[in-house]
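Remarks on the structure that follows.
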Amino acid sequence: MRPGDILPRLGVQALDLLRGLGHATFFVIDLLRNSVSAITRPFLTIAQIHAIGNRSLVIIMASGLAVGFVLALQGYYTLSRYGATASLGLVVALSLVRELGPVVTALLFAGRAGTSLTAEIGLMKAGEQLAAMEMMAVDPKARVLAPRLLAGLIAMPLLAALFSAIGILGGYVVGVLMIGIDSGAFWSQMQNGVDAIDDVGNGMVKSFVFGIACTVTALYQGFEATPTPEGVSEATTRTVVISSLLVLGLDFVLTALMFTAPS
Amino acid sequence: MGRRGVETLVGLFVLLGILAILFLALRAANLGNFVIGETYLITARFDNIGGLKVRSPVKSAGVTVGRIKAIALDTNTYQGRVTMELEQGMLFPSDTSAKILTSGLLGDQFIGLVPGGSDKNLEEGAEIKLTQSAVLLENLIGQFLYNKAADPPDAAPAPAK
């Protein structure tokens, strides 16, 4: 490659990036338009909630429990230096509800459900099932993609809430049952410090946004995958990478928007 | 697995999720502790409200009896006017006094009500006349330094030679 080629190449890449962004935007608009028709056939969505939500339950609950355990142990270590171990419940609950619940659930969701969505749709495309649907005048966006989007939107906040709830119970097990913090202080400090709307509600909004981001990314990557085995495998990898980065980036923006320091 | 089986499992999943949200809202957060039911409003004016916030608790003898509904500046007197809602059953004499207190050394501020001895009770929209402002650390330090400076010079350590 001659040095003179670098600038034109950069320009081509930048233009490609812009075009990809525009393409993805049109895809999302198309998908939203088709979601309306998906509502009229609820069983398609319910079957997808089963595939996306129910099948993710075990990993989400196990991770939530583990994160709760570790948070309680680590929080106890830090708090005991200041003689503030009674606040352990508050620390565990706030970290889970505001941050770890939505984010870790979204990352697991991208790995567990996003990849399977991409692979499924990519293989449908490779096997020309999507083309066959179009031949039968069935819009694959309405029949295949929209129910999956709706299912992702519904499943993600529920999974995040479960993650946080189980994490808090895990913190209770380690903090109160194992370490021996007073159970009353654990819960009452938590209830005094956690706000139903500012903390729990905003956490739910976060997980809803992450649900949209992860599901749309997975569907887009599957739908636009090169219809070859390598193409599907690349698309699946991209799903995980892009979803994770999107979640982390969006998390920063949302946290900055929602949670100001207690004034 | 048939359609009914899938629907049952999804129902179970949604139920679990809703239970988790309820758990977070009621057990982990303070939704259950809100003042529920009928309330009545009373106001009080303070020279300085310190760090008081909307929804801070109003307590009497340490028991929460209501919450602060609104805080505004009264441009006639240039005092902070605090509107609080008290639970309907909690009646206070009309000469009750209000203080801005702090829970613990670094805790949040709240309003403490000290009941007086009057026969009549505060009614909807009444104003508490006797108020005590928040204690500002800056003013305390200022007073302390001022007192120190006013001490006789021989109390000060001898200058180094």
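Can you name the number of the only condition in (1) over 27 Å from residue A:192 (Cβ atoms); (2) surrounded by 11 or more Cβ atoms within 10 Å (Cβ to Cβ); (3) at pLDDT 85 or above that residue B:139 fails?
Among (1) over 27 Å from residue A:192 (Cβ atoms); (2) surrounded by 11 or more Cβ atoms within 10 Å (Cβ to Cβ); (3) at pLDDT 85 or above, residue B:139 violates only (3).
At least 3 residues that are without any contact (Cβ under 8 Å) to a residue 60 or more places away in the chain, under 20 Å from residue A:240 (Cα atoms) and within 14 Å of chain B (Cβ to nearest Cβ) in each: list the helices (runs of 4 or more DSSP H) lying fully within the range A:104-183 that qualify.
It comes to A:146-172.
Before we move on, is residue A:203 more than 9 Å from chain B (Cβ to nearest Cβ) and crowded, with 24+ Cβ neighbours inside 10 Å?
no
Any residue in the range A:32-50 that's farther than 17 Å from residue B:7 by Cβ: show its pairings with residues that are of a type in the set (Asp, Glu) and surrounded by fewer than 18 Cβ atoms within 10 Å (Cβ to Cβ) at Cβ separation under 9 Å, as long as the two are six or more apart or on different chains.
A:34/A:139; A:37/A:139
Pull up the range A:26-54, narrow it to residues that are surrounded by 21 or more Cβ atoms within 10 Å (Cβ to Cβ) and more than 14 Å from every other protein chain (Cβ to nearest Cβ), then point me to the one that is modelled with the highest pLDDT.
The selected residue is A:31.
Please go through (1) assigned to a helix (DSSP H, G or I); (2) surrounded by fewer than 16 Cβ atoms within 10 Å (Cβ to Cβ) for residue A:236 and return the number of the only condition it doesn't satisfy.
(2)
Please find, within the range A:217-233, the residue that is nearest to residue A:247 (Cα to Cα) out of those that are part of a helix (DSSP H, G or I) and free of Cβ contacts under 8 Å to residues at least 40 places away in the same chain.
Per the stated criteria, the residue is A:233.
Looking at residue A:67, is it closer than 30 Å to residue A:170 by Cβ, assigned to a helix (DSSP H, G or I), of a type in the set (A, V, I, L, M) and touching a residue at least 24 places away in the same chain (Cβ under 8 Å)?
yes
The values are calculated or read from the model by the stated rules, or taken from the named source; none is laboratory data. Not measured: the values here are computed from a predicted model. Neighbour counts run over all protein chains shown; Cβ positions are idealised from the backbone, glycine included.
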